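For reference, the structure discussed in these notes is given below.
Taken together, the values in this text are just the output of simple stated rules run on the coordinates, not laboratory data. Treat the numbers as computed from the prediction; the structure is a model and nothing was measured. All Cβ positions, glycine included, derive from the backbone under ideal geometry; neighbour counts span all protein chains shown.
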Amino acid sequence: GGAAIIDIMILVIDINKGLQTQTGECIIIGEILSETMVVALNKCDLIPNSKRKDKMESVAKKLSYFFKRTKFGKDIPMVHTIAAPGGGLLHKDSRGSKSSSDSV
C-alpha cells in the first residue's frame, strides 16, 4: 500500500494544546512506517508576542523530553508555523535559535 513508500513524516501539533491522544496514535504509526519525523508546532502566531519565545522554547523542551523515548530521539527537528491564512513559517529547529519568517 501507499504507507510503504513514506520517506518522512511531518507531525503537526497545536502549540497551544500540546500532545493529545491522537498525537500519540500518530507517533506510534510513525514509528512503524517512517524512519524520519519532523514536528511542526502550529499556531505560534496565536501566542502573544511578549510570551511567544518562552512558550515556543518550553513546548520544544517538553517535546524533546517526550521524543527521547521514541525511535526519533530528543533531537527531532522542529519548526514553528503560523495559523494565519497565506501564512508563513516561524523557522526554528531544535538545534539552533535562528528565527525568521518565510512564506510557505
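Which loop GluC sites (Glu not before Pro) in the stretch 1-82, with loop taken from DSSP, have no more than 15 other Cβ atoms within 10 angstrom of their Cβ? The partial results should precede the final answer.
Values: sites: Glu25, Glu31, Glu35, Glu57; in loops: Glu35.
Answer in residue order: Glu35.
Starting with the highest mean, order 58-64, 38-44, 15-21, 48-54 by the number of other Cβ atoms within 10 Å, averaged over the residues of each peptide. Working shown, then result.
Values: 58-64: 16.3, 38-44: 19.7, 15-21: 13.3, 48-54: 10.1.
Answer by packing, highest mean first, reads 38-44, 58-64, 15-21, 48-54.
Using R₀ = 30 Å, calculate the FRET efficiency as 1/(1 + (r/R₀)^6) where r is the Cβ-Cβ separation of Lys55 and Glu25; round to 0.05. Could you put the intermediate results ahead of the total?
Numbers: r = 25 Å, r/R0 = 0.83.
It comes out at approximately 0.75.
Using amide H atoms built in the peptide plane, which far-off residues or other-chain residues are under 5 Å from Asn42 H to H?
Ile13, Asp14, Ile15, Thr81
Using the Cα atoms of the stretch 8-81 to build a convex hull, what is its mean projected area in square nanometres?
4.4 nm²
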